[in-house]
Amino acid sequence: MAERAPGTGDDDPAPTAAPGLAAPTTAVRPGPPPPPHRAVLERLAGTDGLVVTGLDDEHRAALVDGLRADGRRVRVLAPTPADAQAWRERLGETPLRPHRVAAGVVGTVEEIAAQLAAAPQDAWLSELLGPDDPLDPPTATGPTPPLDASELAALRRLLVAEHGERTLDPARRHQVLPPPAELPPEPHVEQLAAELLDVAGPAGSLAREMARPLIAALAGLPPDAAPALDPVLRRIDETVIGLGPAGEDAAWARATVDAVLDGRAAAAWSRAAAALATVGDVAEHDRGSGPAQVRVTDETLEPGPAADAFEAYADFLAAGGSPRRMFKSDQQRAVESALPALAVNRVDPLTAEGARAVAHHLRLRVIEATVADALAPLGRVVRPAEQRALMVHRLLSLQELGRRIGHVLDAVGRLRGLLVGLPADVRPPTDSLPAVGRVVATGRRLTSRPSADLARRELGEVLARLADGALPAEQAPELRATIAALRRLDVDGYAVAAEGVDAARVEQRELRRSDALAARLAEWPALLEALDADTSDETWAPRERRWAAAWSHRRAAAWLARQAPVDSVVTVPALDHADGADGADLLVVGPLRDEVPPGIEVPDRVADLPGHPDDGRRLLVLPLPAAPPA
């Protein structure tokens, strides 16, 4: 029997059937399924896309390879970065390199894009500030936020307190407040007050309370004035005693001092002091008068011009001139015209010696008249003396009395110079000798007791440190109240005021912290404007919780915008970053189960490809419109 080539049906003997059985049929084996891309391309024509099922990962990759081999430009859209990485491995593409872009943002371009897409709530900072600086190196982790989340919350709270609730006073920023260490504790202030007041009497006594304002004032002297207080008080004591205990002169001197101290006779005393200064020439004129006694008998004669005439005549005679009966000199005629108004004894006024003696005597009369005129407004009447000796004695006595009055006024002036450093409302009066006496007596009691003197000086130093050279208008009201309480030796008032200073210091510290935090946002004015416009919890509480994440989001978004688009395999966020699917004519989406990426529409037509392993997932093959010509 001859052999036949297998596979040729015409040479095969016809099958025969056994008697009583049906005729047998020939079994046809199915051939291998066509490549997936062929079936897809055949069914894709004229449609808006296909849903491809019946494949596993390997054959889905074969589908994409086949489509590309057929000349189609395919872009794969993977649901997740992990799917994108699996696509690249199966398609033989280079895996994407991971990057550390910002704090908490690490991964490939696909993964970073997915992270940004998963946190849209963090994009507000980019919208507010704009994109991050493109000049930053792409490998940097980005700028550190100017504030951390807790500082941002603190700034918002402080802005609400200042501009919303108004529990912070903006004026506090520039008010002078002492550091905590400068406020002595209340028990120490109480001890200082007790030490000072004890010089006036025991606790609870009337004398103690009456002396409190004066003691407090003297204890509040500035540190540079405090050491000089005791010498000045001693000097006042000595000069007042020098006025004398009684008598007409002592009474007039005390009245004059009172009138000058209260301002009634200040100008009159200035003229009197100038007049009494001329008494210094009395001794010289007294000696020059010699034995002469001169009395003015005619009130119309002015002693001053007459003295000038006699001095000129004496000089004329000393120069060789002589008196004449006829053709008299001008000097002789001037003297002879004055002689009828004078009673001259013991000298010849027409001789050089006598004329000069009369001139000196007349000078004494000029001084006497000057002093009399100057003292008259002060209530002191000085009548012309008949005898020169009495006139000289009276003038010298008035000069000494005036000198003593001047010493008292000078000493009180020094006391006023010390007290001028005190506020006007606590400055003790010094407008009379009794008022000055009270200051002197109280001050001497303070300075004579060492413990009280130390307390006085310490309180003055405390007050100076608290004021710190600032004007009252520059000080916080609480500080002014504290200083006022100390100047009154009011311990209870000091305690209340000191608590107010502590509260004001906290408020000032909060305001200055707000300024410091806001200054750190100076480079981000849009942030400050946003805070000024809206400080509500609804807006900012979520932002504060994800403050660092928002800065990382802004940094990562700017970095992602600078990356070259991924051409082959992308994820949905990366596709958005790549501005769609430019350059491709087919978009393969998947593998998918039930989920569909946003923005993707599922075609109605399904292409089931049998004959391949099936993992139950599907692909979407979508034709893309051609790009418009450039």
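The values are calculated or read from the model by the stated rules, or taken from the named source; none is laboratory data. Bear in mind that the values here come from a model prediction, so they are computed numbers and not experimental data. Every residue, glycine as well, gets a Cβ built from its backbone with ideal geometry; the counts of neighbours run over all protein chains shown. The protein model used for the area step is the full one, side chains on, heavy atoms only, and it has no ligands, DNA or RNA in it. Shrake-Rupley method; radii C 1.70, N 1.55, O 1.52, S 1.80 Å.
Quick notes on this structure:
- Which numbered condition R465 fails, given (1) charged (D, E, K, R); (2) out of contact with any Asp or Glu (no Cβ under 7 Å at 6 or more places or on another chain); (3) over 16 Å from P213 (Cβ atoms): (2)
- Exactly one residue among L243, L221 is touching a helix residue (DSSP H, G or I) at 6+ places or on another chain (Cβ under 9 Å), open to solvent by less than 10 Å² (accessible area, probe 1.4 Å), more than 18 Å from R404 (Cβ to Cβ) and not hydroxyl-bearing (S, T, Y), and that residue is L221.
- Meets criteria (closer than 13 Å to L221 by Cβ and of a type in the set (S, T, N, Q)) for T447: yes
- Selected residue (criterion: nearest to A522 (Cα to Cα)) from residues of the stretch 84-132 that are in a helix (DSSP H, G or I) and of a type in the set (D, E, K, R): E127
- Selection of the stretch 603-627 for residues being within 10 Å of L55 (Cβ to Cβ), assigned to a loop (DSSP other than H, G, I, E, B) and open to solvent by less than 30 Å² (accessible area, probe 1.4 Å) yields only L609.
- Criterion (within 24 Å of the chain's Cα centre (by Cα) and free of Cβ contacts under 8 Å to residues at least 60 places away in the same chain) met by exactly one of L528, L521: L528
- Restricting attention to the stretch 507-554 and to residues that are among the basic types (K, R) and crowded, with 19+ Cβ neighbours inside 10 Å, the residue that is nearest to L152 (Cα to Cα) turns out to be R543.
- Only one entry in V420, V412 is closer than 30 Å to L233 by Cβ, within 60 Å of the chain's Cα centre (by Cα), open to solvent by 50 Å² or more (accessible area, probe 1.4 Å) and among the aliphatic types (A, V, I, L, M), namely V420.
- Residues in the stretch 533-554 that are closer than 17 Å to T144 by Cβ and either in contact with a strand residue (DSSP E or B) (Cβ under 7 Å, 6 or more places away or on another chain) or among the aliphatic types (A, V, I, L, M) (or both): A548, A549, A550, S552.
- Selection of helices (runs of 4 or more DSSP H) fully inside the stretch 196-287 by the criterion of at least 3 residues being within 16 Å of T430 (Cα to Cα) and among the β-branched types (V, I, T) returns 229-242, 248-261.
- Among the residues making up the stretch 465-479, those that are part of a helix (DSSP H, G or I) and buried (at least 18 other Cβ atoms within 10 Å of the Cβ) are L466, A467, E478, L479.
- Subset of the stretch 497-547 (residues that are under 16 Å from L128 (Cα atoms) and among the hydrophobic types (A, V, I, L, M, F, W, C)): L521, A522, W524, A526, L527, L528, A530, L531, A533, W540, W547
- Hits in the stretch 599-630 - residues which are closer than 22 Å to A114 by Cα and at pLDDT below 80: G599
- Restricted to the stretch 43-64, and to residues there that are free of Cβ contacts under 8 Å to residues at least 60 places away in the same chain and outside any loop (DSSP other than H, G, I, E, B), the residue that is most open to solvent (accessible area, probe 1.4 Å) is A62.
- The stretch 142-183 - residue that is closer than 30 Å to P450 by Cα and touching a helix residue (DSSP H, G or I) at 6+ places or on another chain (Cβ under 6 Å) and, of those, most open to solvent (accessible area, probe 1.4 Å): E182
- Scope the stretch 148-191; condition assigned to a helix (DSSP H, G or I), under 22 Å from D532 (Cα atoms) and polar (S, T, N, Q); matching residues: S150
- Single residue of A485, A557 found to be out of contact with any strand residue (DSSP E or B) (no Cβ under 9 Å at 6 or more places or on another chain), buried (at least 18 other Cβ atoms within 10 Å of the Cβ), among the hydrophobic types (A, V, I, L, M, F, W, C) and in contact (Cβ under 8 Å) with a residue 24 or more places away in the chain: A557
- Set E58, E93: member being more than 26 Å from E601 (Cβ to Cβ) and at pLDDT 80 or above: E58
- Residue in the stretch 581-594 that is modelled with pLDDT under 90, at positive phi, open to solvent by 10 Å² or more (accessible area, probe 1.4 Å) and not polar (S, T, N, Q) present: yes
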